1. Any chance you could list P(r) for region 86-136, counting all Cα-Cα pairs in 10 angstrom bins from zero, rounded to whole %?
2. How big is the chain by the Kirkwood estimate over distinct Cα pairs, in Å?
3. Measure out, as a whole number of angstrom, how far apart the alpha-carbon centroids of region 27-81 and region 206-237 sit.
4. By per-residue mean of other Cβ atoms within 10 Å, what is the highest-first order of 125-134, 227-236?
5. Using the Karplus curve 6.51 cos²θ - 1.76 cosθ + 1.60 with θ = phi - 60°, work out ³J(HN,Hα) for each residue of region 176-186 in order, rounded to whole Hz, and write x for Gly and Pro.
6. If you count, for each residue, the other Cβ atoms within 10 Å and average over each peptide, how do 8-20, 214-226 line up from highest to lowest?
7. Distance check, please: which entries in LYS48/LYS127; LYS39/LYS179; LYS39/LYS209; LYS192/LYS256; LYS39/LYS199 exceed 23 angstrom between their Cα atoms?
8. Enumerate the amide H contacts of ALA100 below 5 Å, restricted to partners 5 or more residues apart or on another chain; note that Pro and chain-start residues carry no placed amide H.
Amino acid sequence: MNNLLMDVEGEIAVVSINRPKALNALNTETVQEINECFKEIQNRKDIKVVILTGAGEKSFVAGADIAQMSNMTPKEAREMSLNAYEAFSRIENCPQVVIAAVNGFALGGGCEIAMSCDIRIVADTAKFGQPEVGLGIIPGFGGTQRLPRLVGKGRAKELIFTAETIDANEAYRIGLVNKVVPKEELMDTCKKMAQRILKNGSLAITLAKQAINLGVEMDLNSGIQLESNQFGLTFSSQDQKEGMNAFLEKRKAELKDF
Ligand code: HXC
């Protein structure tokens, strides 16, 4: 991989988008590599939490690569958008928990890839925005769909129509991110949360993630049916037996399923 780094330690993978000279802008090769990387991750039993971040000091991802996009035909632009849809859906739907560690600019495609992650922990220096309409285009990596689902239609329209950049605290205030921390504590905070997640049943977490992701697109009754099915499935697992027996025997549970 030319534009991604992956480092796996103790069931946590840190994936870094690594084009710091271009502030980690997403060109087609990088999007392809993200797709391949998460295709691998989704089948790896030794990885239970992924932390996605940007290499370098300044930027998480400053958007899609404007230099590469500038001469695209409509067909090429549509393909670029669809390729990112595939890659970002892999992030969104992989069995692992994916935490975005947003270490700086998360603009355009950068905000969009962060929104594909399950949880966003961000440095106090991070900046968010969907500046596309200032370039005469619209968000094309899922922003018109994921942003209103996260922050509501009104705030999403304001961000997209004004193309304004907001700081980390404002992103927190509107519900775009989960937690803001001092920049030097960003990776530690993400790893601590990952460790906290690792203590729990990972099969149960995957089933809950599926129920949430599919359920938010359904009417309430269908979502509840889905939840009941997933809930029933957990009772076929070793973790359910171990987790409940450990509670009743007043000991620490050893959860292992995935
Ligand atoms: C290509 C980029 C880039 C990008 C930065 N660079 N963002 N290259 N695509 N999105 C490059 C710059 O050209 C420059 O290269 C180097 O990174 C450093 O950037 P500077 O602008 O010099 O840094 P700074 O002054 O600190 O400004 C940082 C910035 C600014 C505010 C983030 O770079 C910026 O506004 N970038 C564009 C942000 C944006 O509009 N993103 C949305 C893109 S559209 P050189 O070679 O000069 O050193 C999008 C659509 C998604 O994401 C959907 C597509 C289907």
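Every number in this text was worked out from the coordinates using simple rules, so none of it is lab data. Everything numeric here is computed off the predicted structure, so don't read it as measured data. Ideal geometry is used to build each Cβ from the backbone, glycine not excepted, and the neighbour counts take in all protein chains shown.
1. Per 10 Å bin, starting at zero, the Cα-Cα P(r) for region 86-136 comes out as 26, 48, 24, 2 percent.
2. 19.1
3. The distance from the Cα centre of region 27-81 to that of region 206-237 comes to 29 Å.
4. Sorting 125-134, 227-236 by mean packing, highest first, produces 125-134, 227-236.
5. 6, 10, 8, 7, 10, 9, x, 3, 5, 9, 4
6. Averaged packing, sorted descending, gives the order 8-20, 214-226.
7. Pairs exceeding the cut-off: LYS48/LYS127; LYS39/LYS179; LYS39/LYS199.
8. Here the answer is LEU52, ASP118, ILE119, ARG120, ILE121, since their amide H atoms fall under 5 Å of that of ALA100.
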